[in-house]
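S.K.: Below are the structure tokens for one structure; questions will follow.
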Amino acid sequence: MRRDLQAGRRSLMATAPAAASRSLLWRLVAFVPTLLVLMLLGWAALFLLIAPELPDTDTLFADSEQRTVTLLAADGGPLAERGAEGARFVGLPEIAPHLVQAVLAIEDHRFYGHFGIDPLGLARAAWANLLAGEVVAGGSTITQQLAKNLFLTPERSLKRKLQELALALWLEARLSKDEILTLYLNRVYLGAGAYGVEAAARRYFGKSAKEVTLAEAAMLAGLLKAPSAMAPTRDLERARARAEIVLKRMVELGMVPAERAAAARARPAAPAPETKTDFAGHFLDWVLDDLTDHLGKHGRDLVVRSTLDRKLQLAAEQALRSALAGEGAKRGVSEGAVVALDASGAVRAMVGGESYRASRFNRAASARRQPGSAFKPFLYLAALRAGWTPQSPIDDRPIAIGDWRPENFDGRYRGRVSLEDAFAHSLNAAAARLIQSVGPEAVVRTARELGIASPLPPVPSLALGTAEVSPLELAAAYLPFVTGGVRRSVHAVRNVEDDRKRVLYRYVPSERRVMDGREVQTMRTLMAAVVERGTGRAARLADRVVMGKTGTSQGFRDAWFVGFAGDLLVAVWLGNDDGRPMEGVTGGGLPARIARQVLEAAPPSPPAGPEVARGEPPPAARSVEREENGLALLLDWVQRTFGSR
């Protein structure tokens with residue numbers, strides 16, 4: 001009997017947890033209807049919140065055409081009209097089937113099987129983001145993207161995401177799948193101011209959306225991830241790389257045979273030559289992309305007043321083309337870029353390459369190249385802040401820092417020189433010693449304060465400009481030398497109005513002091529020495545003081561001049577897109593002469609803040625006495641008189 005009681009107790013103890021588990025499970029199951037009711041009430045409340053703002057679906061199709069954008073110069077004169085050509089609404093039968101497939105493959109291949117929200121896609125994206133520890137994938141369906149484009153702002157928040165989900169369900173309830181896809185393909189932004197596949201096909205390839213090849217369709221679909229950054233007019237290689245991903249995905253999904261995709265990869269898409277005038281073409285594309293980032297899809301015709309000075313733009317284009325067609329052609333230079341900024345930060349001229357018709361890639365805004373010695377102003381400013389002065393002596397002798405052995409451009413060393421002479425003649429050995437003294441981290445901080453945003457590794461070779469920057473970025477970072485120590489934001493648009501004269505955007509100036517008056521005065525003295533008696537003499541003007549810095553990267557792959565006179569700053573880069581070396585082209589040669597021609601086209605203006613008088617430097621700023629034999633002095637004079645760097 002006692003054994004039976006003990007066995008009974010053990011049996012009850014064993015079944016108790018199982019019973020408790022079943023009870024918990026049944027409670028959870030019983031809560032599911034309540035949870036569903038709460039979710040439905042939440043959706044209902046959300047619909048009540050947004051329903052008054054929802055339009056009739058008929059208006060969505062009526063308002064599908066891309067509007068016209070009229071761009072004006074700073075003086076109000078016309079520059080261009082963009083957006084109207086080929087932007088009519090097109091139905092699915094008027095779009096190449098492989099273009100529709102490419103979009104579905106890369107954006108939402110289960111589009112015809114879900115109800116506006118793809119739980120599998122959301123789960124996959126959540127898992128990928130969890131593994132990466134950051135947002136690397138999105139789970140939005142085409143319906144969700146259309147809802148966002150039609151009704152919502154780009155804001156990232158939980159409320160906006162919930163609104164997007166609710167609107168996606170609303171669209172699925174009101175429209176057929178084909179209607180949703182048609183609206184999406186006509187509304188989606190694809191870069192360079194083009195909304196919809198029809199406008200984009202004509203913008204990039206000069207043909208309708210029905211005529212694009214498989215390679216072109218893959219490129220258009222690939223733009224959906226980042227239309228401004230991946231536009232073939234901005235970064236053709238990146239656009240092609242993305243197109244290959246689209247083609248691979250189409251093969252995986254069985255949309256195209258592997259052989260056909262291979263043929264498309266073998267002949268990748270390329271933008272069609274521009275048939276209209278190429279005046280300021282790179283600038284106009286850049287403005288339209290930036291405008292879209294600010295305003296999104298616009299529903300009316302727009303008038304955009306830009307900051308471009310037509311006279312300066314023409315001078316910059318002519319100076320660059322003449323240089324490349326003349327001496328540049330003989331010395332292996334195929335490309336270049338020019339940027340002109342005024343003291344307010346306004347872009348007064350922008351040339352993104354030798355020919356906009358031949359290449360729409362904007363080298364002024366998007367090319368990243370080594371600035372060489374044109375980076376040295378940030379090093380020298382950091383040195384001033386560490387207690388150095390223009391009269392401070394520094395050794396210009398061979399130096400080794402680990403495996404790095406920087407050499408002077410002409411292979412000669414001048415011994416003990418002043419900091420001013422080291423800057424004026426761009427002495428690399430002295431710069432290497434200077435960065436050892438102030439520390440690479442201090443140089444990085446200084447460059448960041450003035451506006452360099454590109455990656456800057458804190459290594460000694462940074463003294464010689466080994467980190468890559470764009471011409472526009474470098475010009476903007478030089479701007480505080482023009483403004484008297486104030487950093488101002490670069491801008492290209494003054495205001496935007498719609499066809500009812502309503503102001504949709506107006507530039508609001510912002511500024512921050514990054515240098516004091518003493519630092520500005522000293523840096524201007526150093527930069528004036530570069531043009532007066534150093535490597536930048538080719539940029540001298542007879543009627544005003546020019547200040548600046550030359551730069552030449554290793555192996556003659558890049559040649560730079562960045563300089564200013566009064567309140568106008570000009571940055572010039574020359575090189576080859578593939579990094580091929582030029583034949584002895586330096587920053588003190590062609591780039592300095594191009595900058596001079598642009599500066600000559602502008603009326604004289606006084607600089608902001610402290611001025612630097614032209615002529616011989618004061619005795620205290622002259623070179624430190626050094627022992628040199630007669631031959632060295634003669635060679636030094638020849639270098640100063642005829643050399644360029």
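S.K.: Could you give the length gained on full extension between Q436 and R518, defined as 0.36 nm per residue of separation minus the Cα-Cα distance, in nm? Intermediate results must be reported in sequence, preceding the final value.
M.R.: On the way: separation 82, 0.36 × 82 = 29.52 nm, distance 2.37 nm.
Taking 0.36 nm per residue and subtracting the Cα distance, the gain is 27.2 nm.
S.K.: How much net charge surrounds D75 when only other residues with a Cβ under 10 Å from its Cβ are counted (Lys, Arg +1; Asp, Glu -1)? If you can, show how the numbers build up before the last one.
M.R.: Working: positive: R305, R310, K311; negative: D309.
Neighbour charge sum, excluding D75 itself: +2.
S.K.: Turning to a different aspect of this structure: In nm, give the distance between the simple-model label positions of R397 and E211, each being 7 Å from the Cα along the Cα-to-Cβ direction.
M.R.: 7.1 nm
S.K.: Name the residue from F561, T466, Y356 whose Cα lies farthest towards the positive end of the charge dipole of segment 311-642, charges +1 on Cβ of Lys and Arg and -1 on Cβ of Asp and Glu.
M.R.: Comparing the listed Cα positions along the dipole, Y356 ranks first.
S.K.: What order do you get for 387-398, 581-592 when each peptide is scored by the mean count of other beta carbon atoms within 10 Å, highest first?
M.R.: Per-residue mean Cβ counts within 10 Å order the peptides as 581-592, 387-398.
S.K.: How many angstrom lie between the Cα centre of segment 470-535 and the Cα centre of segment 355-426?
M.R.: First find each Cα centre; the distance between them is then 21 Å.
S.K.: Same structure, new question: Relative to the Cα centre, what is the charge dipole magnitude of segment 179-227, using +1 at the beta carbon of each Lys and Arg, -1 at the beta carbon of each Asp and Glu, and rounding to the nearest 20 debye? Each step should come with its number before you reach the end.
M.R.: Working: 6 positive and 4 negative charges, 24 e Å.
Charge dipole of segment 179-227: 120 debye, to the nearest 20.
S.K.: Rounded to the nearest 0.05, what FRET efficiency do T389 and E237 have when you use their Cβ-Cβ distance and R0 = 51 Å?
M.R.: Numbers: r = 46 Å, r/R0 = 0.90.
About 0.65, to the nearest 0.05.
S.K.: Could you size up the charge dipole of segment 330-467 around its Cα centre, putting +1 on the beta carbon of Lys and Arg and -1 on that of Asp and Glu, and report it in debye to the nearest 20?
M.R.: Details: 18 positive and 12 negative charges, 77 e Å.
Rounded to the nearest 20 debye, it is 380 debye.
S.K.: On a 24 Å Cα-Cα criterion, which of the cross-link pairs K177/K210; K148/K210; K148/K225 come out too long? Could the numbers behind the result be given before it?
M.R.: Details: K177/K210 20 Å; K148/K210 26 Å; K148/K225 15 Å.
Flagged as over cut-off: K148/K210.
S.K.: Quick check: net charge around G563, other residues with Cβ under 9 Å of its Cβ, Lys/Arg +1 and Asp/Glu -1?
M.R.: Numbers: positive: K549, R596; negative: none.
Around G563, the charge tally is +2.
S.K.: Another question, then. Relative to the present Cα-Cα distance, how much length would full extension add between Y112 and K177 at 0.36 nm per residue of separation?
M.R.: Working: separation 65, 0.36 × 65 = 23.40 nm, distance 0.66 nm.
Residue separation times 0.36 nm, minus the Cα-Cα distance, leaves 22.7 nm.
S.K.: Can you give the FRET efficiency to the nearest 0.05 for R445 and V303, using r as the Cβ-Cβ distance and R₀ = 56 Å? Walk me through the intermediate numbers first.
M.R.: On the way: r = 42 Å, r/R0 = 0.75.
For R445 and V303, the calculated efficiency is 0.85.
S.K.: To the nearest 0.05, how large is the calculated FRET efficiency for D410 and K330 if R₀ is 25 Å and r is the Cβ-Cβ distance? All intermediate terms of the calculation are to be shown ahead of the outcome.
M.R.: Values: r = 22 Å, r/R0 = 0.88.
Plugging the Cβ-Cβ distance into 1/(1 + (r/R0)^6) gives 0.70.
S.K.: Taking θ = phi - 60°, what integer Hz values does the Karplus form 6.51 cos²θ - 1.76 cosθ + 1.60 yield along segment 354-363, in sequence order, with x for Gly and Pro?
M.R.: Working through the residues one at a time gives 4, 8, 5, 5, 6, 8, 8, 5, 8, 5 Hz.
S.K.: Related question: Say the dipole of segment 311-642 comes from +1 at the beta carbon of Lys and Arg and -1 at that of Asp and Glu; which of V531, I401, N495 then lies farthest toward its positive end?
M.R.: Positive-most Cα among the choices belongs to N495.
S.K.: For segment 311-642, what is the charge dipole size about the Cα centre, in debye to the nearest 20, if Lys and Arg each add +1 at the Cβ and Asp and Glu each add -1 at the Cβ?
M.R.: Working: 44 positive and 36 negative charges, 136 e Å.
So the dipole magnitude of segment 311-642 works out to roughly 660 debye.
A short reminder: the numbers here are calculations on the coordinates, not readings from a lab. The structure displayed is predicted, hence computed values, not measured ones. As a convention, Cβ positions derive from the backbone with ideal geometry for all residues, glycine included, and neighbour counts pool all protein chains shown.
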